[in-house]
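Trainee: Encoded as structure tokens, here's the structure I'll be asking about.
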Amino acid sequence: SEQAAFCKRPNQGLRAGMWEFPNVPGALDEQEVLEQIKNWGLTPVRLSPIAPVKHIFTHREWNLFGWLVPVIKAEENEHFLWANQNDLVQNMTIPSAFSAFLKILKQEWNGRDNNDSTTDSSVYTRL
């Protein structure tokens, strides 16, 4: 089944203990995203930019930039957990800041041929 990469937030601070898409600070261009994905030990199939998302807290505004990055079926690694749609519904709390990216991921999963099990998707977000 389709899976996506997630990281668990630390148990203290903003969004404590919640799950989020892999991310790094700043905004990267396509080459920098490709390098980061490879640094995580993944082999990207393609890079598709996602329209920027703005999330407003009571005290802060985030501009999030994302990439949908299908990768060759990845082995488990120390960077993240691979989760499917069932895991997302039953076991994971995702911050509302990532809801637009989560919607795009679900659309990608639902639009893809279910027999294609050679790739996993990763939404790569930038703060």
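The values are calculated or read from the model by the stated rules, or taken from the named source; none is laboratory data. None of these values were measured; they are calculated from a predicted model. Virtual Cβ from ideal backbone geometry, glycine too; neighbours counted across all protein chains shown. Calculation scope for accessible area: heavy atoms of the full protein, side chains included, ligands and nucleic acids excluded. Shrake-Rupley method; radii C 1.70, N 1.55, O 1.52, S 1.80 Å.
Trainee: Inspect all residues belonging to the stretch 68-78 and state whether any of them is under 11 Å from the mean Cα position of the chain (by Cα), of a type in the set (A, V, I, L, M, F, W, C) and either modelled with pLDDT under 70 or open to solvent by less than 70 Å² (accessible area, probe 1.4 Å) (or both).
Mentor: Yes; the residues of the stretch 68-78 include at least one that is under 11 Å from the mean Cα position of the chain (by Cα), of a type in the set (A, V, I, L, M, F, W, C) and either modelled with pLDDT under 70 or open to solvent by less than 70 Å² (accessible area, probe 1.4 Å) (or both).
Trainee: When the stretch 28-62 is examined, which residues are found to be open to solvent by 70 Å² or more (accessible area, probe 1.4 Å) and touching a Lys or Arg at 6+ places or on another chain (Cβ under 7 Å)?
Mentor: Hit for the stretch 28-62 is GLU61, nothing else.
Trainee: Next question. Which members of the stretch 80-96 meet the condition of being closer than 15 Å to GLN36 by Cα and open to solvent by 70 Å² or more (accessible area, probe 1.4 Å)?
Mentor: Across the stretch 80-96, there are no qualifying residues.
Trainee: Looking only at residues in the stretch 1-27 that are hydrophobic (A, V, I, L, M, F, W, C) and open to solvent by less than 40 Å² (accessible area, probe 1.4 Å), which one is nearest to PRO70 (Cα to Cα)?
Mentor: Selected residue: ALA4.
Trainee: While we're looking at this one, here's another question. Show the residue pairs that are 6+ apart or on different chains and have beta-carbon atoms under 8 Å apart, the first residue being within the stretch 1-18 and closer than 19 Å to TRP82 by Cβ and modelled with pLDDT of 80 or more, the second being of a type in the set (A, V, I, L, M, F, W, C) and loosely packed, with under 14 Cβ neighbours inside 10 Å.
Mentor: ARG9/ALA16
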